[in-house]
Amino acid sequence: MQQQKVPTVIIIGAGLGGLTLYHALIKNKDKKEFNVKIFDREFSPQARWQGYHIAINNFGARSLINCIPSSIALNLSKAIPNPVLNVEYHGLSLTDHTGNLLLRPPDKQVKDVFEAANLSVGSSIIITYRDKLRHVLLENVPVQWGKKCISYEETDDGVWILFEDGSKEFCDILVGADGINSPVRKQKLPKLQIFDYGITIIVTDVAAPKNLLDRLITKFNGKGVTQSVGLNGETSVTIFRLIPIEQENYENKNESYYRTTIFFEYPSKLDDVEHDKIKVDDNDPASVVDHVKYMIRKLRPECELTNVILELWDLAVPKTTSDPSKTYNPIRRRKMQDIDPLSVNTWTSNRITLLGDAAHTTSPVLGLGANNAIEDAEVLSRALLNYSSENYISCIKEYENEMRKRNSTEVLKSRFVEIRNTTPVGYIGCLFRNNLLRIINTIMNFFNYNLLARNG
Ligand SMILES: Cc1cc2nc3c(=O)[nH]c(=O)nc-3n(C[C@H](O)[C@H](O)[C@H](O)COP(=O)(O)OP(=O)(O)OC[C@H]3O[C@@H](n4cnc5c(N)ncnc54)[C@H](O)[C@@H]3O)c2cc1C
């Protein structure tokens with residue numbers, strides 16, 4: 001009898017989604033064996049800053065644990081440390097521009113990521129170090145670094161992948177897990193366009209002293225994810241874990257410092273206003289930090305919350321390095337964008353598919369992007385269990401139908417909330433918006449039901 005050849009799956013992109021898929025395909029090897037290869041354009045795992053905190057929710061945690069081997073699950077606590085009991089509250093709080101509470105959805109505090117994974121209602125999150133999660137997921141994965149995919153060619157028997165260095169690879173299934181600017185998506189679905197919000201976002205990680213976060217927590221109902229919305233379409237977000245980091249370099253050695261992600265968003269058109277033109281160069285991080293502080297002073301009233309936000313931005317260290325092997329945090333203005341995978345009618349399922357941000361970049365406001373990239377990996381690996389050279393299209397179709405529907409809902413929900421938060425409202429509009437949010441908050445807490453979360 002002729003032996004069936006082991007099919008090859010190539011994953012382009014070693015981000016959270018691509019790496020989770022790699023593990024899932026290897027984990028399922030006893031049920032269906034694939035020759036799995038994974039490529040990334042970066043020259044090393046540390047070549048680019050992978051930082052900032054992200055929120056892993058119950059369905060992201062569940063898919064992650066289902067996909068990775070137990071040896072890697074044992075290391076998850078390095079990236080997703082257990083919440084510090086009675087000290088940390090992992091959830092969301094939203095205030096107005098002066099710190100009055102608008103929304104604090106009910107959530108269940110969990111003891112670890114495994115408990116979060118067992119919850120059926122999506123009202124719990126664990127704040128996670130994104131860079132450390134990627135590091136944990138890289139274990140035992142033979143990523144081929146420095147391989148930038150530029151295009152592919154489909155033949156009757158498979159797919160050739162072409163790399164910038166002139167090399168090429170052949171496979172049976174190609175998975176583009178290559179992020180928002182995915183060349184795989186651009187070739188497969190040229191009509192699937194990026195939606196631009198007209199919002200600028202600037203993100204960085206800082207080491208915040210305890211007294212500063214204490215002010216945010218006690219005076220402004222701060223939770224792990226603390227957000228404030230303003231009158232002029234600007235929002236400020238702080239995401240932190242209350243786990244002290246090493247202090248050698250910090251001013252006050254007697255005080256604890258916590259790694260904290262801060263981001264500030266505002267309508268991009270404000271950058272164009274003639275008299276506001278202050279010198280900002282995205283290749284000069286120091287000028288970007290000055291620009292953020294200028295914007296905060298311009299758009300926010302003088303008050304204690306504004307002071308806390310400014311003090312957090314004072315901590316932003318605009319490092320630069322010419323050494324490509326060193327990771328640093330490129331503080332720059334970025335565009336807020338998303339991709340709705342149902343915004344194109346024609347989506348032909350074939351040997352080439354997409355996963356994660358490549359298919360459905362999601363605005364970060366509800367913390368869904370990475371969770372869905374990880375869930376995609378689980379759904380695709382499950383669909384590929386039925387792979388054969390005759391029915392591969394139906395496997396891909398089954399995955400893509402589910403992936404597109406689930407993610408379109410999440411992208412549009414996030415888009416709705418993001419637009420609501422970043423629409424300039426002025427004083428009258430602000431009264432309406434804030435009162436509406438307070439009513440929603442009362443209803444959610446009365447029924448102990450988080451409307452923002454996905455159930456199931
Ligand atoms: C400020 C901010 C906060 C966020 N907060 C949350 C949160 O709280 N919760 C949440 O779930 N999500 C959050 N997200 C979203 C989350 O980070 C992304 O959705 C997630 O990282 C997507 O994973 P991915 O694997 O699809 O893509 P990526 O992480 O973008 O990985 C893509 C990989 O592909 C590689 N690549 C790109 N092009 C090529 C090429 N041509 N050839 C080879 N390799 C290539 C890249 O080097 C990269 O390693 C946030 C995002 C931002 C910006």
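Quick note: the coordinates plus some simple rules give every number you see, no bench work behind them. Note that the structure is predicted; figures quoted are calculated from it, not measured. Cβ sites come from the backbone with ideal geometry, for glycine too, and all protein chains shown count toward neighbours.
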Open item on the list: Considering only C-alpha atoms, what is the centroid distance from the range 331-351 to the range 93-113, in Å?
Closed with: 29
Task: Cut-off 11 Å between beta-carbons: net charge of the residues surrounding Gly60, Lys and Arg +1, Asp and Glu -1 - done: -1
Task: Label zone at Asp30, where the point sits 7 Å out along the Cα-to-Cβ direction: the range 372-408 residues whose backbone N lies under 18 Å - done: 382, 385-386
Task: On Cα atoms only, tilt of 285-299 relative to the major axis of the chain in degrees - done: 50
- [ ] Could you state the angle between the C-alpha long axis of helix 210-219 and the longest principal axis of the C-alpha atoms of the chain, as a value from 0 to 90 degrees rounded to the nearest 10?
- [x] 80
- [ ] Mind putting a number on the dipole of the chain about its Cα centre? Charges go on the C-beta only, +1 for Lys and Arg and -1 for Asp and Glu, and I need it in Debye to the nearest 20.
- [x] 720
TODO: Alpha carbons only, please: Rg and Dmax for the range 201-242, in angstrom.
DONE: 11.0, 31
Task: Kirkwood Rh, angstrom, the range 36-75 [1 / mean 1/r, Cα pairs] - done: 12.9
Open item on the list: Just to be sure I understand the curve: with the Debye formula and one point per C-alpha of the range 41-108, what is log10 I(q)/I(0) at q = 0.26 Å⁻¹?
Closed with: -1.26
Open item on the list: Given the DSSP H assignment, sum -39500 (n - 2.57) over each helix run of at least 4 residues in the chain and divide by its residue total; what's the result at 222 nm in deg cm²/dmol, nearest 500?
Closed with: -10500 deg cm²/dmol
- [ ] Within the set of other residues whose C-beta is less than 9 Å from the C-beta of Arg41, count the net charge using Lys and Arg as +1 and Asp and Glu as -1.
- [x] -2
Task: Surrounding net charge for Leu25, when Lys and Arg each add one and Asp and Glu each subtract one, Cβ distance under 10 Å - done: +2
TODO: Return an integer: the convex hull volume of the alpha-carbon atoms of the chain, in Å³ per residue.
DONE: 158
- [ ] Return the percentage of antiparallel bridges among DSSP beta bridges fully within the chain, rounded to the nearest 5 %.
- [x] 75
Task: Vicinal HN-Hα couplings computed from phi for the range 384-396 (Karplus, 6.51 cos²θ - 1.76 cosθ + 1.60; Hz; Gly/Pro x) - done: 6, 4, 8, 4, 8, 5, 8, 10, 4, 5, 5, 5, 5
Task: Rg/Rh (Cα only; Kirkwood hydrodynamic radius) as it applies to the range 1-81 - done: 1.03
Task: FRET efficiency estimate (nearest 0.05) - Cβ-Cβ, Gln4 to Asp282, R0 35 angstrom - done: 0.10
- [ ] Let me know the whole percent of all Cα-Cα pairs from the range 303-456 that are separated by more than 25 Å.
- [x] 54
Open item on the list: Taking 4 °C and 1.567 mPa s as the conditions, I'd like the Stokes-Einstein D for the range 153-277 in µm²/s, using the Kirkwood hydrodynamic radius from alpha carbon pairs.
Closed with: 67
Open item on the list: How big is the dipole moment of the range 169-225 about its Cα centre under a simple scheme where the beta carbon of each Lys and Arg is +1, that of each Asp and Glu is -1, and everything else is neutral? Debye, nearest 20, please.
Closed with: 340
Open item on the list: Using the Cα centre of the range 363-456 as the reference point, and only Cβ charges (+1 on K/R, -1 on D/E), how large is the resulting charge dipole? Debye, rounded to the nearest 20.
Closed with: 540
Open item on the list: Shape verdict for the range 102-182, please, from the Cα gyration tensor: rounded (a/c under 1.5), prolate (a/b greater than b/c) or oblate.
Closed with: prolate
- [ ] Using only the Cα atoms of the range 381-439, construct the convex hull and provide its projected area averaged over every direction, in square nanometres to one decimal.
- [x] 5.7
